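The values are calculated or read from the model by the stated rules, or taken from the named source; none is laboratory data. Please read all numbers here as calculations on a predicted model, not as lab measurements. Backbone-built Cβ (ideal geometry, glycine too); neighbour counts: all protein chains shown.
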Ligand SMILES: [Zn+2]
């Protein structure tokens with residue numbers, strides 16, 4: 001039952017985050033106007049606004065003008081729902097579940113907006129920091145010092161990288177890493193390592209396909225890789241730290 005409720009909640013949040021991800025970089029209001037077709041402007045009726053299902057029933061087309069509706073909307077809803085369900089299945093404590101789901105709901109729009117617009121909005125990072133501090137202090141006050149230190153350290157580490165290589169990342173990445181630390185605590189370390197490794201791999205592939213000079217000019221949205229690292233760390237952060245300690249630290 002919890003799983004079904006979480007899945008529905010995740011899909012509805014995914015639907016809301018689609019609106020956030022589309023409107024936030026355009027400086028449009030999140031609440032008004034109501035959802036409408038971007039081609040003909042027809043208002044999306046409530047029964048056509050059911051996450052994932054409506055897109056499938058309409059076969060990806062507007063009911064009024066038949067213009068195609070991007071599959072990124074149902075995909076965003078399905079991914080958000082699946083991640084929320086996975087957090088509930090993987091984590092046992094209430095604080096762990098609340099911090100995990102809130103982090104998912106922050107990194108999904110951060111990754112989407114960084115991918116489409118190459119920015120990570122400040123307001124999103126501010127909401128993330130407030131959520132992390134509020135949930136952390138309310139449900140797991142004993143763990144708050146660790147998360148505060150992790151947030152400051154993660155932001156400082158990426159700030160050092162931005163100072164050294166101004167073209168690779170931006171201040172949005174610094175803030176996102178800090179917010180991830182406020183949610184993940186020490187598990188932010190494997191999250192950033194995974195982000196750097198996966199970002200470097202994709203960067204190498206881009207250079208191999210486009211040539212080194214053109215590849216260097218291609219802006220990679222590092223926030224997408226940070227978000228990927230955050231999601232892996234939600235599920236495997238502490239096992240990864242234990243594995244690394246047992247292998248390399250004696
Ligand atoms: Zn339409």
Residue 54 being crowded, with 16+ Cβ neighbours inside 10 Å, within 16 Å of the ligand (Cβ to nearest atom) and over 22 Å from the mean Cα position of the chain (by Cα): yes
Top-ranked residue of region 57-72 - restricted to ones that are within 18 Å of residue 20 (Cβ to Cβ) and within 14 Å of the ligand (Cβ to nearest atom), ranked as surrounded by the fewest Cβ atoms within 10 Å (Cβ to Cβ): 70
Condition met for residue 29 (in a loop (DSSP other than H, G, I, E, B) and farther than 25 Å from residue 107 by Cβ): no
Pairs with Cβ under 7 Å, 6+ apart, first in region 27-56 and under 17 Å from residue 14 (Cβ atoms) and modelled with pLDDT of 90 or more, second within 14 Å of the ligand (Cβ to nearest atom) and assigned to a helix (DSSP H, G or I): 54/48; 55/73
Subset tally (residues that are assigned to a loop (DSSP other than H, G, I, E, B), farther than 20 Å from residue 113 by Cα and away from the ligand (no atom under 16 Å from the Cβ)) for region 32-50: 1
Some residue of region 1-11 being part of a loop (DSSP other than H, G, I, E, B), surrounded by 19 or more Cβ atoms within 10 Å (Cβ to Cβ) and without any contact (Cβ under 8 Å) to a residue 40 or more places away in the chain: no
Wholly enclosed helices (runs of 4 or more DSSP H) of region 152-250 bearing at least 3 residues surrounded by fewer than 22 Cβ atoms within 10 Å (Cβ to Cβ): 188-210, 212-217, 222-248
